[in-house]
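The values are calculated or read from the model by the stated rules, or taken from the named source; none is laboratory data. None of the values given here were measured: they were computed from a predicted structure. Please note: Cβ atoms are built from the backbone with ideal geometry, for glycine as well, and neighbour counts cover all protein chains shown.
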Amino acid sequence: MMIDKESFRRHHNPPHGGCDGPVCTRVVEQAAEVSTPIEIIPTARVGEIVAECVGHPHIEHDKCRDSCFVTITQKISVRIPVEYHVDTEVGESVVICLS
């Protein structure tokens with residue numbers, strides 16, 4: 001839960017000083033940075049690949065003399081199932097107090 005900094009100050013350090021008789025309570029704040037190294041180890045597994053022809057092939061003929069050349073173009077659909085997995089390893093956290 002995030003607490004708004006100004007709301008925290010008003011609640012814990014009220015304008016009248018926070019004193020109740022001989023007791024005076026104050027709350028102090030300390031800024032800090034916390035770092036945690038996390039190693040991400042990815043793996044991927046490819047399933048069965050399926051290719052299918054889409055529509056009819058297109059045939060281009062080149063001029064023929066001693067031999068003939070043709071170019072056949074076919075649209076295809078390729079289904080490639082990929083399963084992704086991630087493992088993680090968390091290192092030790094470090095805190096640095098800021099001034």
Worksheet item: List pairs: first in the range 57-79 and free of Cβ contacts under 8 Å to residues at least 12 places away in the same chain, second of a type in the set (Asp, Glu) and loosely packed, with under 10 Cβ neighbours inside 10 Å, Cβ under 7 Å, 6+ apart or cross-chain?
Response: Val70/Glu60
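If you take the residues of the range 44-99 that are of a type in the set (Ser, Thr, Tyr) and assigned to a loop (DSSP other than H, G, I, E, B), which of them is farthest from Val34 (Cα to Cα)?
Looking only at the range 44-99, we keep the residues that are of a type in the set (Ser, Thr, Tyr), and these are 67, 71, 73, 77, 84, 88, 93, 99.
Retained after the next criterion (residues that are assigned to a loop (DSSP other than H, G, I, E, B)): 67, 93, 99.
Values: Ser67: 75, Ser93: 7, Ser99: 14 Å.
Ranking the candidates gives Ser67 first.
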Item to complete: Determine the pairs where a residue that is polar (S, T, N, Q), located within the range 80-92, has a partner that is part of a strand (DSSP E or B) with Cβ atoms under 6 Å apart, the partner being 6 or more residues away or on another chain.
Response: Thr88/Ile38; Thr88/Ile40
Worksheet item: Can you name the condition, by its number, that Glu33 falls short on among (1) farther than 23 Å from Cys97 by Cβ; (2) at pLDDT 65 or above?
Response: (1)
